[in-house]
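The values are calculated or read from the model by the stated rules, or taken from the named source; none is laboratory data. Model, not experiment: these values are computed from the prediction. Glycine gets a Cβ as well: all are built from the backbone with ideal geometry, and neighbour counts include every protein chain shown. Accessible surface is based on the protein model in full, side chains and every heavy atom, while ligands, DNA and RNA are left aside. Shrake-Rupley method; radii C 1.70, N 1.55, O 1.52, S 1.80 Å.
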Amino acid sequence: MIANLGFGALFITFLVALYGIAAALWGEFKHKPEWVDSARNAMLLTFPLLSVSALSIIYLLVTNHYEVEYVSSVTSRVMPLYLKVTALWGGQAGSLVFWSWLMSSFASAVTLRKWDRDREFLPWVIVVALVTLAFFVGLSLFVENPFNRLWQLAGGQVVEKMFPPRGARLFTPTDGRGLNPLLRHPGMIIHPPMLYLGFVSFVIPYAFAMAALITGRTDDRWIRLTRRWTLWAWLFLSLGLILGARWAYDVLGWGGYWGWDPVEIAAFMPWLTGTAFLHSVMIQEKRGMLKQWNMVLIILTYDLVIFGTFLTRSGVLSSVHAFAQSAIGPLFFAFIGLTFIASMSLLMHRWNDLKAQAAMTSLLSREALFLLNNLLFLGILVVCFWGVIFPLLSELVTGQKVTVGPPFYERATGPLFAALLFLMAVAPLSAWGHSTVKTLGRALWKPAALSVLVVVLALVAGYRNVFALLAFFLIALVVTVTLYEYQRGVRARMKRHKESLGSALVELVRRNRRRYGGYLIHLSVAMLALGIVGIEMFQSETQGTLQIGESLQLGNYSMSYDSLAVFDTPDGRNVARAVVSVYRNGEYVGELHPRRDFFYDSGQPMTIPGVRSTLEDDFYVLLVDWEEISTQSATFKVYHNPLVQWVWLGGIAFIIGTLVAAWPDRERKETVALSARPHAMAAD
Amino acid sequence: MEDLPVVQGSSRNRMKFVVGGLLIVAAVVYLIASSTTASAQYFLTVEELLSKGAEVRGRDLRVSGAVVGDSIEYDAQTLTLKFMVAHVPGDNAEIEAQGGLAQVLHDAVADPTRPRIQVIYNGPMPDLLKNEAQAIMTGRLGEDGVFYADELLLKCPTKYEDAVPQQAEG
């Protein structure tokens, strides 16, 4: 019953979306604004319809309707309520509906804004949003239907269909197969929605970009309208990536957080183009340059978002060879191909309207350095893309499948990331229009001297790895330059406005949030880099089997095996939990509880590390095996991960920085009055 | 990268940027090319690995096969994991034609005449290692014909795909 309701709502959404596209086009070409208004209402109607559909899935999940195939594939009776609800995005079929639901809520929010000054964009934004929505809803309807039920045929065979085949009875398994235990983690519960929010919100700037290309209103209006959307999209995407990394660190039990897996890369690629876009739109706003380039970036981002949605689904296997294993693959590629070709043709059509208004003259000017930053991000993108498609290419060309692993990505992106760090230190000191080595050098020598001091200290502390020392230098340079910029601004305010240190800092940031929020993000990236250097270059590990009371040494840490308990939990797990004592330089610092959970419903174990985390290093213990019954001995694998906590701290600082930059302005009127140029923001 | 932003101005000025841009493109191309050659791994099926034998010995390889559950041995003292993998086709169309990955993995393990190879891996026992899982291993073929894996990636297709009929019977 409810399945029919959900399916019906989905079907009506599809029709409404198609109607909306037609109405918007008709209204636009026949100059009938009432049709555009009707299209707008259609857009708004998709949200309640998709809400009904998504809520139907949640209802089925929560009430154990195992006759619905999706429900039985991602839930089981023992799963707690919150996991059943979040199983909405635990599999491919459900997450596609979830994606559509998010998409319609965002697109509706955009349609609700005041369009007085930008009326000509409206029909095209609706068309782009609805075409995207119709594609995803169509996938749910015709290929990955979450409401498919199980039917037992007269011959006893069970089939999966939406509507009953002739003579078939509804088949209800007594229990579901349960969500993959690896996904039952708080990080995994909020990680996919964050990633999806990021993906979906990038559709909005893309829709405006297309509207600008179609209508020929190719000034920077579309960028100003969507600036905040872009920042939020970027924030969600970044959060999704960081949470995913954290989940891997906490759950996957290999002592790391990022494995250059195609699925991770698929989520990382739109982030790269999105980051490049965020930087280069500033050049368009400030100098009227890079307009064509910005279009290219937003088109790439949109198609990489669609590609990422396809690849990051937990259900799709993590290998490039799995593309064709779902009927969904070719459809996705067709959609990506069509939208890419259509958008690029539009861009070519308007190419001459998008000529730069000024010329770049100095290689060291801020705009040139921004351009360099863009090229580096795109360089990393090309490396990632190459790594993902290389196996397919090599098979096509030589008939032999050749793959590249993490060493490829590390080697190829390392210098590019280092160059980005260097730019991050230099660019804030450069001037618009023109800078020379001399002006830059004058601004840079003090921070550089401080950074050299950091390297000397690292040398004294015993670090000899050249790459690590270089990384420390770059990180120190970013930090000192950024702090120097803050200090310069604060001091100027204190002098001019006679403000105290605290209020000068607050005012400085408040009056130029984009800039100082951006610097905060730079600082957070330096923190992230520190953590990454720590774990990538200085991780050490050991393993051993210990009798109770014995201990194991790793660096200046040691741990002793105290006890182990095996017990069942009410939610269907069998848990083996060890107690180990950790000593640092011979001093007791605490107890850790590495454990192994065995999930009865899926027959799968899950290894959860015990971690002692400090700013300096993490001591990470995995329980590998133990002697049954007597539990006299147990085997452990132990990692020492220096500085890795900076990755998570950097993540938090990153969020704060982006919030500072993206938070809606309260005193916008004042800004408008002050600046000669009209200043408007979207959707607030 | 063909859509580099148009830079206007004097031709000398333009040259400056073109040269700079080309240098960066060249650097990226160099990084990709050198890293590819340094870390490329041949992706082979068990059958290909056995037939090439000495030809690929000592090289970085990636091999995919079906885990034979009965052969899994684990020594927790030394963290040494030994198991056999059976040949599964590398080609997707072939896998589909034989009834999907789950079916192919099942058949591979059930058929004793399929080519098999011994794998040795050092480390914690992976959670997903079980009968009929797909193993993707990175490592080298030793003189003794054993595949020494440095890295072990496992997938259980039954988790995600149409395993409904079996599920219903079970």
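Let me know the charge dipole size of the protein assembly as shown about its Cα centre in debye, to the nearest 20, where only the beta-carbon of Lys, Arg (+1) and Asp, Glu (-1) is charged. Could you put the intermediate results ahead of the total?
On the way: 70 positive and 68 negative charges, 962 e Å.
That gives a dipole near 4620 debye.
For chain A, what does the relative contact order come out to in percent, with C-alpha contacts under 8 Å and a separation of six or more?
Answer for chain A is 11 percent.
Residue A:589 label point, 7 Å along Cα→Cβ, cut-off 19 Å on backbone N: hits in segment A:239-267?
A:250, A:255-256
Convex hull volume of the Cα atoms in chain A, per residue, in Å³? Could you put the intermediate results ahead of the total?
Values: hull volume 135.3 nm³, N = 684.
Hull volume over Cα atoms, normalised by residue count, gives 198 Å³.
Give me the dipole magnitude in Debye, nearest 20, for segment A:538-608 about the Cα centre, with unit charges on the beta carbon: positive for Lys and Arg, negative for Asp and Glu.
Working: 5 positive and 9 negative charges, 14 e Å.
Once rounded to the nearest 20, the dipole reads 60 debye.
For segment B:42-162: lysine pairs with Cα atoms under 21 Å, gap of 8 or more or different chains, count?
Numbers: B:82/B:130; B:82/B:155; B:130/B:155; B:130/B:159.
For segment B:42-162, qualifying lysine pairs total 4.
May I ask you to derive the FRET efficiency for residue B:78 and residue A:511 from their Cβ-Cβ distance with R0 = 60 Å, giving the value to the nearest 0.05?
On the way: r = 64 Å, r/R0 = 1.06.
Taking R0 as 60 Å, the efficiency between residue B:78 and residue A:511 is 0.40.
Using only alpha carbon pairs under 8 Å that are at least six residues apart, calculate the relative contact order of segment A:538-645 and give it in whole percent. Mind showing how you got there, number by number?
Numbers: 273 pairs, mean separation 28.2, N = 108.
Normalised by residue count, the contact order of segment A:538-645 is 26 percent.
Where in chain A is the longest stretch that carries no trypsin sites (Lys or Arg not before Pro) classed as loop by DSSP and with at most 11 other Cβ atoms within 10 Å?
On the way: sites that count: A:30, A:114, A:166, A:464, A:498, A:666.
Segment A:167-463 is the longest.
In whole Å, what is the distance between the alpha-carbon centres of segment B:20-84 and segment A:212-227?
Segment B:20-84 and segment A:212-227 have Cα centres separated by 48 Å.
Evaluate the charge dipole of segment A:180-417 about its Cα centre and quote only its size in Debye, nearest 20, assuming +1 on the Cβ of each Lys and Arg and -1 on the Cβ of each Asp and Glu. List each step's numbers first, then the result.
Working: 16 positive and 11 negative charges, 114 e Å.
Roughly 540 debye for segment A:180-417.
Please report the base-10 log of the normalised intensity I(q)/I(0) for segment B:1-155, using a Debye sum with one equal scatterer per alpha carbon and no solvent, at each q in 0.09, 0.12 (1/Å).
-0.44, -0.60
Just how far, in whole angstrom, is segment A:638-664 from segment A:144-210 if you go by their alpha carbon centroids?
Rounded to whole Å, the Cα centres lie 33 Å apart.
In deg cm²/dmol, rounded to 500, what helix-only [θ] at 222 nm does the protein assembly as shown give when every DSSP H run of at least 4 residues adds -39500 (n - 2.57) and the total is split over its residues? Intermediate values should be presented prior to the final figure.
Values: 24 runs with 468 residues, N = 854.
Taking each H run of at least 4 residues, the total per residue is -19000 deg cm²/dmol.
Please compute the Cα-Cα pair-distance distribution of segment A:1-68 with 10 Å bins starting at 0, giving whole percents from short to long.
23, 36, 22, 13, 5, 0
How much space per residue, in cubic angstrom, does the convex hull of the C-alpha atoms of segment A:393-442 take up?
On the way: hull volume 6.3 nm³, N = 50.
Spelled out: Cα convex hull of segment A:393-442, divided by residues, is 126 Å³.
Pairs of alpha-carbon atoms within less than 8 angstrom and 6+ residues apart define the contacts here; what relative contact order does segment A:1-147 have, in percent?
Numbers: 202 pairs, mean separation 49.2, N = 147.
Normalised by residue count, the contact order of segment A:1-147 is 33 percent.
Rounded to the nearest Å, what's the spacing between the alpha carbon centres of segment A:573-614 and segment A:75-110? Just the number, please.
That distance is 31 Å.
Could you check how much of the accessible area of the protein assembly as shown is carbon and sulfur, as a whole percent, using a 1.4 Å probe?
Working: 22130 of 35360 Å².
Summing carbon and sulfur atoms, their accessible area is 63 percent of the total for the protein assembly as shown.
In segment A:180-417, if the dipole is taken from +1 on Lys/Arg beta carbons and -1 on Asp/Glu beta carbons about the Cα centre, which of A:406, A:309, A:347 is farthest to the positive end?
Ranked along the dipole, the leading option is A:347.
Counting only heavy atoms of the protein chains, get the accessible area per residue of the protein assembly as shown (1.4 Å probe) and round it to a whole Å² value. The partial results should precede the final answer.
Details: 35360 Å² over 854 residues.
On a per-residue basis, the protein assembly as shown sits at 41 Å².
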